[in-house]
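Any read-out appearing in this document is the output of simple, stated calculations on the displayed coordinates, not a laboratory observation. Just so it is clear, the structure is predicted and the values come from calculations on it, not from any experiment. Cβ atoms come from the backbone with ideal geometry, glycine included; neighbour counts cover every protein chain shown.
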Number of protein chains: 2
Amino acid sequence: MEGHPMDSVCDCSQCELRKAFFDSFSDEDLGDICRNKTEFPFFRGDTIFSEGDRIRYFSYLKSGLVKLFKTDTAGKDQIITIAGPYDFVSLLGVFSDTHHSYSVSVLEDAVLCCIDIERMREIALRNASFSMNLMERMGAVSNKIIREGLEIRKRNTHGKVAYILLKFCKDIYGTCIFDLPVSRREIAENIGMTTENVIRTLSELRKEKVIRINGKEIEVVDPVALERISNYG
Amino acid sequence: MEGHPMDSVCDCSQCELRKAFFDSFSDEDLGDICRNKTEFPFFRGDTIFSEGDRIRYFSYLKSGLVKLFKTDTAGKDQIITIAGPYDFVSLLGVFSDTHHSYSVSVLEDAVLCCIDIERMREIALRNASFSMNLMERMGAVSNKIIREGLEIRKRNTHGKVAYILLKFCKDIYGTCIFDLPVSRREIAENIGMTTENVIRTLSELRKEKVIRINGKEIEVVDPVALERISNYG
DNA sequence: ATCATAATATGACAAATGTCATATCACCAA
DNA sequence: TTGGTGATATGACATTTGTCATATTATGAT
């Protein structure tokens, strides 16, 4: 963990994520968490933690965009998923594992809310409804990753690229024009194809006038066609 | 749910799975669960539940082998994972979703231990350590599915087939000779390739004397070579 | 500014994979 | 038994995808 605590941290009672995560908290527990949490700002390119690091915090993303990834013995990265606000950075192993099984680094400047893992465990162990709440929320994140993996697995290269472009449009930015937060190589690492074929497929989509490309800027000109390509290759 | 309750059900205090799942139970809760669980026997080919069915039970596999899968609009199946004893059949959505998002059917005769979902929720809501225990156990199953998906995604066809054969060897049967519980088509549905290429790859592995094939029976003659193919294509 | 490095882009080619056709075999139901 | 259906198997071929080479552009460090 490289960041430094922020000077101004939010009052948890106002936290927009409170309802999502901590609705089942008593005022006592909320105060306890609030006094003992730390908000860390991170910047594009920062590593939040690396595969193999000891797990110290339970953490979730308040803002920004990160990638979760694994690095193989040959040094090649494989991106598990790209996560945004409301997503946990701590996945399900957080209470059972002692060390992280994946790395997280920052794609867009981010603020991470971190709670000491032991304190979190204590609270979860005496507040069953919070524990259930947590299980549901973390389950949703895990299920999203599983579903995404299945969607990617069943598509050919065109479908894969279309699928991830639509994810940026619909899930991440909510608009048809956006700056890609990742390189073509990272897209390749995410969907399991080569960098060259990602570039080639993007070029083809451009030639077919489905998208417009200007460096990192992508505009989805024909979302219907892109959906069709995503669904039928 | 098509099965019929079994005549003889195990006394939960003796359940070999008790330690794994219900270690945090008080005797009271254990008795409660024990009286209210139902064990269902299922047979090869049975459907345990289908995508879209209402979730009625929290359930886990005591014995046997099942496949979890989704069916797309064209009627094509995609296998999420093959699960054995100690695996949950209920994945993480079980407490937050109302309907199943995948189907489960039986590959090898199985016994399912089912607990009414509402009763399970009640107990989890008043027993935080059970709730945590459950989160850890379900998290482990989800993580396994995610990991498996990543391993499959990064391999070419030879690597994929080698990977799944090694899964049968090491994880499922613990022996180098086994009867495949699935068809070539189901392998294809699991690892995202065509049936023909699964058959072809198996034939090639046979010609290279890495495996021996006799119908459904597979013998891994050269596990080291198979590992190499799994890791390096 | 300048250099080095990485990212983007494209072509040519090889290799892998999917599609289609066909054949045999196993198995189940009538 | 017979007939039908699905599973396994293989070849031929087309298409897709990966690999390698090369060029240009962007980016960051000094």
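In chain A, helices alone account for a calculated mean residue ellipticity at 222 nm of -12000 deg cm²/dmol, with every DSSP H run of four or more residues adding -39,500 (n - 2.57). Cross-link partners of A:Lys167 among aspartates and glutamates, defined as those whose alpha carbon lies under 14 angstrom from its own and excluding same-chain residues fewer than eight positions apart: A:Glu148, A:Glu151, A:Asp179, A:Glu219, A:Glu227. Volume of the convex hull of the range B:155-232 (Cα atoms only), normalised per residue: 77 Å³. From most to least packed by mean Cβ count within 10 Å, the peptides B:106-112, B:49-55 give B:106-112, B:49-55. Placing a pseudo-label 7 Å from each Cα along the Cα-to-Cβ vector at A:Ser63 and A:Glu217 gives an inter-label distance of 2.3 nm. In the structure shown, the pairs A:Lys154/B:Lys216; A:Lys62/B:Lys67; B:Lys76/B:Lys216 are assessed against 27 Å; a Cα-Cα span above that value is assigned to A:Lys62/B:Lys67. Taking label points 7 Å from Cα along the Cα-to-Cβ direction, A:His99 and B:Arg126 give a separation of 4.2 nm. In this calculation the C-beta distance from A:Asn231 to A:Glu51 is compared with R0 = 22 Å, giving a FRET efficiency of 0.05. Checking the Cα-Cα distances for A:Lys170/A:Lys207; B:Lys160/B:Lys209; A:Lys37/B:Lys144 against a 20 Å cut-off, the pairs over it are A:Lys170/A:Lys207; A:Lys37/B:Lys144.
The local environment of A:Cys169, defined by Cβ-Cβ distances under 11 Å, has a net charge of -1 under the rule Lys, Arg +1 and Asp, Glu -1.
If you take the Cα centroid of the range A:27-85 and the Cα centroid of the range A:161-226, the two points sit 25 Å apart.
Overall shape: oblate for the protein assembly as shown, with the ratio a/c of the largest to smallest alpha carbon gyration tensor axis at 1.5 or above and b/c at least equal to a/b. Take each residue of peptide B:137-146, count the partner chain Cβ atoms within 10 Å of its Cβ, and average: the result is 6. All distinct Cα pairs of the range B:12-151 go into the 1/r average, and the inverse of that average, the Kirkwood radius, is 15.5 Å.
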